[in-house]
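The values are calculated or read from the model by the stated rules, or taken from the named source; none is laboratory data. Bear in mind the structure is a predicted one, so any value in this text is a computation, not a measurement. All Cβ positions, even for glycine, are placed from backbone atoms using ideal geometry, and neighbour counts span all protein chains on display. For accessibility, only protein heavy atoms count, side chains too; no ligands or nucleic acids. Shrake-Rupley method; radii C 1.70, N 1.55, O 1.52, S 1.80 Å.
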Amino acid sequence: MTALSGPRVAVQARPATTGAVLDVVIPVYNEETDLGPCVRRLHAHLSEHFPYPFQITIADNASVDDTLTVADGLAGELPGVEVLHLDAKGRGRALSAAWSASSAPVLAYMDVDLSTDLAALLPLVAPLISGHSDLAIGTRLARTSRVVRGAKREVISRAYNLLLRGALAARFSDAQCGFKAIRADVAGELLPLVRDTGWFFDTELLVLAQRAGLRIHEVPVDWVDDPDSRVDVVATALADLRGVGRLGRALLTGALPLTELRAQMGRAPLTAPSGQPGHTPPGQVPVGLPRQLIRFAAVGVASTLAYLLLFVATRGALGAQPANLLALLVTAVANTAANRRLTFGISGRRHAGRHHLQGLLAFALGLALTSGSLAVLHVVDAVPARPVELTVLVAANLAATALRFVLLRLGMHHRRT
């Protein structure tokens, strides 16, 4: 693995050589009918609207019809069209081979059906050309995206991306949209680590990029579903689930060199104007705090609901104080683990014991708050109504939650930095 030295640099606006700045790869399998119209339309759009030299690479992965013949004909007809043939199937395999062989500094791909409006192509790659971002994806799930597709595919897509957020802590919104780009220097570092050769290739690449601290740019797209799509939804979904499990295990066991990736490729932490890392001038919000608050609040809501369910379920058998102790202890351990991973972005076992001790300290303070609130309530009213009791507990938990965030952030945020 070679180190990326210094910040990302912008691609020269008008290169001295005639080499392509952008290489758009179109992976195909048995697409003899759609390939010609697709490539001609894409070539015309790039010629008219793209201000840099470009190349279009048709990556034919083991087609058994006349796709390769059509591709060779297009290469002879249109300048800047190249053909790459592979003897094995797999979209991920085709993309990895085409990107690895390309000399362009920015690499992209799109599906042959051109479901995504090509007007989004320049906004997709511009941040990569300028050096602002490292990867870019089209997203169909943004509020400003306009999408035409069936309810079945819509539900499957949203469920899959929710699964990625829960299982792999993914922060990108749409892993499967066939409209992505990457800087070639970044691709050279990440591609050797991506194991999948099929449809999970995109997700694995994005998760590795996120864990390496790279910047992923998202572009809302207009997208119209191809009714003639040959994708086997069930087989693809099962393969994706297997990929999620495999990648999740690799992340948990430390099989991937994430520390090295982040050290060599990740963007350096922001520094205050004074030049002191980690220093926040008066009146400024600390870096990352708004995002951490949102995630901490989401974890807190889930923990509070679980706490209330456990309290209500055990209240009758144990009594108020023991039920409060049990519910608070169980949810405190789960809350610390969830915040460690989701809020503060810490994975692995390093410092896990220290973090859980901090969580138990917050638990003890929360127990004092909630138990004290219950005791005061029972002094005022020996047999309080259940809604009143729950209301007091919720208020006490809110106070304990605020205290928990301060304690965990002090321990985890600075430890991570």
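Things worth noting here:
- Under 10 Å, Cβ to Cβ, from Thr203 - net charge with Lys/Arg +1 and Asp/Glu -1: -4
- In order through the stretch 185-195: 3J(HN,Hα) via Karplus (6.51 cos²θ - 1.76 cosθ + 1.60), integer Hz, x for Gly, Pro: 5, 5, 4, x, 7, 8, 4, x, 9, 8, 8
- Applying 1/(1 + (r/R0)^6) with R0 = 51 Å to the Cβ-Cβ distance of Ala44 and Val380 gives a FRET efficiency near 0.05.
- The Cα center of the stretch 45-106 and the Cα center of the stretch 187-213 differ in position by 21 Å.
- Note on Val380: accessible area approximately 120 square angstrom, rounded to 10, probe 1.4 Å, nucleic acids and ligands left out.
- Relative protection proxy for 163-169, 105-111, 140-146, from highest mean packing down: 105-111, 163-169, 140-146 (other beta-carbon atoms within 10 angstrom).
- Sequence of Ser130, Ser157, Ser103 when ordered by accessible area, the most exposed leading, probe 1.4 angstrom: Ser103, Ser130, Ser157
- Solvent-accessible area of Phe296, all protein chains in place: 10 Å² (probe radius 1.4 Å, heavy atoms, ligands and nucleic acids excluded).
- Global geometry of the stretch 14-172, whether rounded, prolate or oblate, following the gyration tensor of its Cα atoms and the 1.5 cut on a/c: oblate
- The simple spin-label model puts a point 7 Å past each Cα toward its Cβ; for Thr253 and Leu305 those points are separated by 3.3 nm.
- With kT/(6 pi eta Rh) evaluated at 37 °C and eta = 0.692 mPa s, and Rh the Kirkwood radius from Cα pairs, the stretch 135-237 diffuses with a coefficient of 227 µm²/s according to Stokes-Einstein.
- Long-range HN-HN contacts of His217 with modeled amide H, under 5 Å: Asp134, Leu135, Ala136, Ile137
- By accessible area with a 1.4 Å probe, ligands and nucleic acids excluded, highest first: order of Lys152, Lys89: Lys152, Lys89
- Packing, taken as the mean count of other beta carbons within 10 Å per residue, orders the peptides 234-245, 213-224, 177-188 from highest to lowest as 177-188, 213-224, 234-245.
- When all protein chains stay in place and ligands, DNA and RNA are ignored, the 1.4 Å accessible-area order of Thr139, Thr304, largest first, is Thr304, Thr139.
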